[in-house]
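Engineer: For reference, the structure I am asking about is given below.
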Amino acid sequence: MGITVWERRDVSVASPGPPSAADAGDWERLAEEVRSCTRCPLHAGRTQAVFGVGPRTAAWCFVGEAPGAEEDRRGEPFVGRAGQLLDSMLRALALDRREVFIANVLKCRPPGNRDPEPSEVASCLPFLRAQIAAVRPRILVALGRFAAQSLLATDQPLARLRGRVHDYEGIPVVVTYHPAYLLRRPADKAAAWADLKRAREVADHE
Ligand code: URA
């Protein structure tokens, strides 16, 4: 299976059982907290906060950096060009977007898509941590440096973080390139595919 084509494979969408009403209430409260958040100055420039998307019972959780312009407009993570590549990466893993949980470290768009500030990450990270604690996925895939460094509480460069399996509160974490980076550097798709295959192996043995 070629990395550069990210071919579609047969996809079976998991149909997890309904979560309990209490879980649903907690989740909705968390979503409302994110939607109305004013913890950092980014709230002033947003069209809307981008909570995340996917079932609360997802086995896979993909974590990106922050919403871009399209995500800010539509209220869903990874719906722009980088999102199209993420969808292809999911298909290469025989996953469908509807069965995985996708969220960002920051829930609001930084102006001009600049890098997140440490203070913004510090304000917003508790939301992601609460989401992961609720979903308890079998595997976390960190997309790019910010997601990896934030989840793993490290300042190690991406090159040092790729290629091994990390731990986030008992959940295995695989680090790979951000899809936006892969759009700029398609030559690195082969290395990203190796990361994703590692994630698949780990998820299948969890
Ligand atoms: N890049 C990200 O990190 N997240 C998105 O939701 C979109 C682009």
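Engineer: What accessible area, in Å² to the nearest ten, does a 1.4 Å probe give for residue 117?
Structural biologist: It works out to around 80 Å².
Engineer: Please calculate how many Å² of accessible area the chain carries per residue, with a 1.4 Å probe and no DNA, RNA or ligand atoms counted.
Structural biologist: Accessible area per residue, the chain: 48 Å².
Engineer: Comparing 182, 86, 143, which has the greatest mean-square fluctuation in the GNM of the chain with Cα pairs linked when under 10 Å apart?
Structural biologist: 182
Engineer: Counting only protein heavy atoms and using a 1.4 Å probe, what share of the accessible area of the range 21-204 belongs to carbon plus sulfur, as a whole percent?
Structural biologist: With neighbouring chains kept in place, the figure for the range 21-204 is 48 percent.
Engineer: Now, a different point. State the Cα centre-to-centre distance between the range 23-85 and the range 114-180 in whole Å.
Structural biologist: Distance between centres, Cα-based: 15 Å.
Engineer: Can you work out the PRE-style zone for residue 159? Point 7 Å along Cα to Cβ, and I want the residues of the range 129-145 with backbone N under 18 Å.
Structural biologist: Flagged as within label range: 144-145.
Engineer: Net charge around residue 28, counting only other residues with Cβ within less than 12 Å of its Cβ (Lys, Arg = +1; Asp, Glu = -1)?
Structural biologist: For residues surrounding residue 28, the net value is -1.
Engineer: At a threshold of 8 angstrom on Cα-Cα distance, excluding pairs fewer than six apart, so keeping six or more, what relative contact order does the range 21-204 reach in percent?
Structural biologist: Reported relative contact order: 23 percent.
Engineer: Restricting to DSSP H runs of at least four residues, report the calculated mean residue ellipticity at 222 nm for the chain, -39500 (n - 2.57) per run over all residues, nearest 500 deg cm²/dmol.
Structural biologist: Helix-only estimate at 222 nm: -12500 deg cm²/dmol.
Engineer: Can you work out the FRET efficiency for the pair residue 35 and residue 115, with r the C-beta to C-beta distance and R0 = 25 Å, to the nearest 0.05?
Structural biologist: Working: r = 24 Å, r/R0 = 0.95.
That gives a FRET efficiency of 0.55.
The values are calculated or read from the model by the stated rules, or taken from the named source; none is laboratory data. What you are looking at is a predicted structure, and each value in this text was computed from that prediction instead of being measured. Glycine gets a Cβ as well: all are built from the backbone with ideal geometry, and neighbour counts include every protein chain shown. Heads up: the accessible areas ignore ligands, DNA and RNA and are worked out on the full protein's heavy atoms, side chains in. Shrake-Rupley method; radii C 1.70, N 1.55, O 1.52, S 1.80 Å.
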